[in-house]
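Computed from the coordinates by the stated procedures, all read-outs in this text should not be read as laboratory data. For clarity, every value in this text was computed on a predicted model and none was experimentally measured. Methodologically, a virtual Cβ is constructed for each residue, glycine included, from the backbone with ideal geometry; neighbour enumeration extends over all protein chains shown.
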Amino acid sequence: MSVADANAKYALPVTFSDRTASGKMQVSNAGAVGRTPEQIRQSLIDYATLANPGYTAHLPGSLIEDLVSTQVPGISQCEQASIDALSSISVTHASDIVLTALGAERGIYYSEFVRTQVDLYFQGTPGYPIPAGFIVKDSGASAQQYAVNKTTIIPAGGYVYATATCTKDSYTFAFPNTITVIVSSLPAGITLSVTNPNNSITGSGYELLEDFRAKVLDALAAPQEGSIKTLRTELSKIPNNQPRLTTIQASGAGIRVIVGGGDDTAIAEAIYRNVFALNSLLFTATTDSTRNKQVTVVDTPDTYAIKWVTPQQQSVTVALTYTTTNDNFVSNSTIIPIARSAILNYINAIYVTKPLSLLEIRRVFIAAVESYIDNLAITNIDIVITISTNGSAYVTTAPTAGSSVINAAAEAYWITTSNNITITKG
């Protein structure tokens, strides 16, 4: 007999689809509240009695009594699953699936691997359309290839800027004037050269769940907290944008928007929609004008010059030497990849303009190797940092006097690779 047939036949005051005869699940300010096992058992008996008058479930040792008793924990688990589902409809407590849905409602999506992005400067035959997908590559040992994002036509002046994205998921980065090789074929009679006037915006790994959760929280807070929070949220929605490379600085009466990654047109639109005083937008505070960006937004009959800045890059090498009283622990070759990964993840997650902490490097090293080396057995950790800014020679850099941090250069972010991290047992 179907549920509908049973409801019609017995004209029950409650239906079988209504899972509580004594009342539905209560939701208070404290959240959803489930029923006690006694309430569930009685509700189950009430259902059966309504459908079968004279039903008796209290005979000890009977099959009916056994069925009732075993169904109570099953129903309790189902109700607890409902409670958990209701309780998770909160950004701070949501399960992965619910959090993804909450983010999608606000235009925030979980990011896949963000690839390295570069600004290219093409010189060549006027009128030639450089197609989307046009391939160039780094002239260095890495020979990483980059594909132009949008079809771009060389104007009468003979030069044009374009944005390209690395063709592989990697942490690769390009120093200025290193992308000079054209891979794609050119038609007869067409001349074309390419270079990158500034650093790449280095790619990042897959987004951590806690970072995505923070983005969704920002999106919820944006309407209440004003244009700065709203702008940061809108920028984070742009494909290939890296939130850690985005910051909005107040400078005197102006605002400097620093953005790493993303389509220029989409960035300009986000700034236009969320900054009221567009005449307050500033270019870089440094002498490196190659990082300045400007796109003209047309809102007929008016036009607006939208300004922002791309961050400069500081490449880091880390030489860590540790000593221990335990000479019988696992070999250093086992420690190296574990420690490298932990240090790399820390450095490549530091937000633009924020300092590099030697104390944090020590902490992540100790935490990474604690399964192999007792913390109390590590007697010393020495760290030597060298830094290259915008492709300059690496320079050994000590922390700021009286501290254990190295401050980032103006409008700069930190980046490193596994090859730039060495781990040595002293």
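Using only the Cα atoms of the stretch 226-309, build the gyration tensor, take square roots of its eigenvalues as a ≥ b ≥ c, and label the shape rounded, prolate or oblate: rounded if a/c is under 1.5, else prolate if a/b is larger than b/c, else oblate. Mind showing how you got there, number by number?
Working: a/c = 1.25, a/b = 1.06, b/c = 1.19.
Because its axes are fairly even, with a/c under 1.5, the stretch 226-309 counts as rounded.
What number, in percent, do you get for the relative contact order of the chain if the mean sequence gap of Cα pairs under 8 Å and at least 6 apart is divided by its residue count? Can you show the working numbers first?
Values: 753 pairs, mean separation 47.8, N = 426.
Taking the mean separation of contacting Cα pairs over the length of the chain, I get 11 percent.
Can you give me the angle between helix 358-369 and the longest principal axis of the chain, using Cα atoms only, in degrees from 0 to 90, rounded to the nearest 10?
In the chain, helix 358-369 runs at an angle near 50 degrees to the longest axis.
May I ask you to give the average projected area over all directions of the convex hull of the Cα atoms of the stretch 312-425, in nm² rounded to one decimal?
If you wrap the Cα atoms of the stretch 312-425 in a convex hull and average its projections, you get 6.9 nm².
Please work out the FRET efficiency for the pair V330 and N419, using the Cβ-Cβ distance as r and a Förster radius of 22 Å; give the result to the nearest 0.05. Don't skip to the end; give the middle numbers.
Working: r = 23 Å, r/R0 = 1.03.
Efficiency computed from Cβ-Cβ geometry: 0.45.
If each of E105 and E38 carries a label point 7 Å out from its Cα toward its Cβ, how far apart are those two points in nm?
3.8 nm
Roughly how many whole Å is it from the C-alpha centroid of the stretch 352-396 to that of the stretch 282-303?
Spelled out, the Cα-based centre of one part sits 38 Å from the other.
Where does helix 264-274 land angle-wise versus the long Cα axis of the chain, in degrees 0 to 90, nearest 10?
In the chain, helix 264-274 runs at an angle near 60 degrees to the longest axis.
Take the residue pairs K168/K215; K237/K293; K137/K307 and return only those whose Cα atoms are more than 23 Å apart.
Values: K168/K215 25 Å; K237/K293 19 Å; K137/K307 29 Å.
Pairs exceeding 23 Å: K168/K215; K137/K307.
Mind ranking 350-356, 410-416, 34-40, 276-282 by how tightly packed they are, going by the mean number of other C-beta atoms within 10 angstrom, highest first?
Working: 350-356: 17.9, 410-416: 21.6, 34-40: 15.0, 276-282: 13.4.
Packing proxy ranking, top to bottom: 410-416, 350-356, 34-40, 276-282.
Could you work out how far the C-alpha centroid of the stretch 244-266 sits from that of the stretch 190-219, in angstrom?
Each part's Cα centre sits 14 Å from the other's.
Just to confirm the number: angle between the C-alpha axis of helix 332-347 and the first principal axis of the chain, 0 to 90 degrees, nearest 10?
Its long axis makes an angle of about 90 degrees.
In the P(r) worked out for the stretch 79-201, what percent of Cα pairs fall beyond 25 Å? Kindly include the intermediate steps, with their values, before the conclusion.
On the way: 3288 of 7503 pairs.
For the stretch 79-201, the share of Cα pairs beyond 25 Å comes to 44 percent.
Hey, fewest Cβ within 10 Å first, where do D263, D218 land in order? Write out the running numbers ahead of the final one.
Numbers: D263 16, D218 19.
Going from least to most buried by this count: D263, D218.
In vacuum, with every alpha carbon of the chain counted as one equal point scatterer, what does the Debye formula give for log10 I(q)/I(0) at q = 0.07, 0.11, 0.14 Å⁻¹? Two decimals, please.
One equal scatterer on each Cα of the chain leads to -0.55, -0.93, -1.28.
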